[in-house]
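The values are calculated or read from the model by the stated rules, or taken from the named source; none is laboratory data. All values reported here derive from a predicted model rather than from experimental measurement. Methodologically, a virtual Cβ is constructed for each residue, glycine included, from the backbone with ideal geometry; neighbour enumeration extends over all protein chains shown.
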Amino acid sequence: MKLCLPKGTKDILPDQIHLWQKAERVFAEVCEQYGFSEIRIPTFEHTDVFERGVGNATDVVRKEMYTFEDKGGRSITLRPEGTAGVVRSFIENGMGSLPSPVKLFYNITAFRYEKMQKGRYREFHQFGVEAFGSSGPEIDAEIISLLCTFFERVGIAQTRLCINSIGCPACRPTYHVALKDYFADKVSDMCEDCKARYDINPQRMIDCKEERCKPFVANAPRQIEYLCSDCRTHLSGLEKCLSSLDIKYKIDPSIVRGLDYYTRTVFEFVSDHVGTQGTICGGGRYDRLVETMGGPSVPGIGFAMGVERFLMEAASQGVSLAERVPVNLCLVHMSESAYDQVFRLAHRLRRAGIACEVDLMGRSFRAQMKYANKLGIPYMMVIGDDEIASGMAKIKRMIDGIEVEVRLDDLPEQASIFMNESTKEN
């Protein structure tokens, strides 16, 4: 039987990985500049972390989680998202005693058994941030600003910020009554999921993606029409903050996000480019989630970004993230007796931070030259018995044949000077 990838997974090959590494590096740099610290959480958690955190009415919990019983009879789930695990860690490690706000970021793999689409996998990667302790709209604006800075830093443009408020426990019950009244004579014609959501959480019906339900959802009441005074004040405060930062936005009452823990602010960055399916990333406030999961009453806010979809968006906008550490120098040996010296020289060069290649396949001198050519290595140094005896060798720049003679004892320093000067010339 032929071995192959499980459906919904993907290899990230060596010719692609530098794109991921660049995105990961820039994301971490921006987060740290905004005062966020990295957190790493387990790949799997006890199932009730997600049942309590994400919400039993969500498609994620009802349909998409990879849940299994371990050898101790415990129900374990591969994480379908990052927030619930970070909240569990926040509570369990007593981070509520740290100075507020506690600001964390992460770079994770996650797992959902969902319908395959372009840019959407069953094992996928997420960048995300979570901030705990601040209830004002300023932290909402800071997190949105962080995303704007990240997009700008990597060269992503042509995105739109959409914001909304989905209320709080004080005003949401009134909205739910309005939704039930609206859908009462329509729910029998809607999908099975919406029929279940009607009783469990009618607000989830607004997020339905089924074609048969879209005409009913289009004219449904929106939470923004039922906001209490505190939620309206918060939304106005966010608008004021965004305007002061010159961040353009649009209020989109249709945004509810797909998870039950959100309150008040929700937001998305969207694009019309092919392959991104609209939303590049999204997030919002979850002011009751820490308490719901057994912790203190601490407000929170965060976002998650699918890395696969982000990279697709970058490609669709013509953004080049191609940045890899090149192999600059190939050391070619002319004899077996010279090979040991070449091997030692390569070790010294690499320890000094200079990427180089040596033959590991027993190739002939001519074959080594061809190999370096195929790899496009820009500099070459040939080592033979004469070079070993004299302690001197020449580094050749392949593009124009210019050579410089260097002492083997001082090779890392002299090679670095020559190659850096050549780079400046070009």
(message) Against the condition at pLDDT 95 or above, surrounded by 22 or more Cβ atoms within 10 Å (Cβ to Cβ) and of a type outside the set (Asp, Glu), how does GLY94 come out, does it pass?
(response) no
(message) Being outside the structural domain of LEU147 (by TED's automatic domain parsing), over 26 Å from SER134 (Cα atoms), touching a residue at least 60 places away in the same chain (Cβ under 8 Å) and surrounded by fewer than 19 Cβ atoms within 10 Å (Cβ to Cβ): is that true of ASN201 here?
(response) yes
(message) Residue pairs, Cβ under 6 Å, 6 or more apart or interchain, first in the stretch 297-308 and at positive phi, second assigned to a loop (DSSP other than H, G, I, E, B). List them.
(response) none
(request) Look at CYS208 and say whether it is closer than 21 Å to ALA178 by Cα, outside the structural domain of GLU142 (by TED's automatic domain parsing), touching a helix residue (DSSP H, G or I) at 6+ places or on another chain (Cβ under 8 Å) and modelled with pLDDT of 90 or more. (result) no
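Residue-wise test of (1) more than 22 Å from the chain's Cα centre (by Cα); (2) over 22 Å from ARG257 (Cβ atoms); (3) in contact (Cβ under 8 Å) with a residue 12 or more places away in the chain.
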residue	(1), (2), (3)
MET1	yes, yes, no
LYS10	no, yes, yes
GLU24	no, yes, yes
GLY53	no, no, yes
GLY72	yes, yes, no
SER75	yes, yes, yes
LEU78	no, no, yes
GLY94	yes, yes, no
LEU104	no, no, yes
(request) Find all pairs meeting these conditions: Cβ atoms under 6 angstrom apart; at least six residues apart or on different chains; first residue within the stretch 160-179 and free of Cβ contacts under 8 Å to residues at least 60 places away in the same chain; second residue part of a loop (DSSP other than H, G, I, E, B). (result) ALA178/PRO221
(request) Spot the failing condition for SER337; the list is (1) surrounded by 12 or more Cβ atoms within 10 Å (Cβ to Cβ); (2) in contact (Cβ under 8 Å) with a residue 40 or more places away in the chain, and only one is missed. (result) (1)
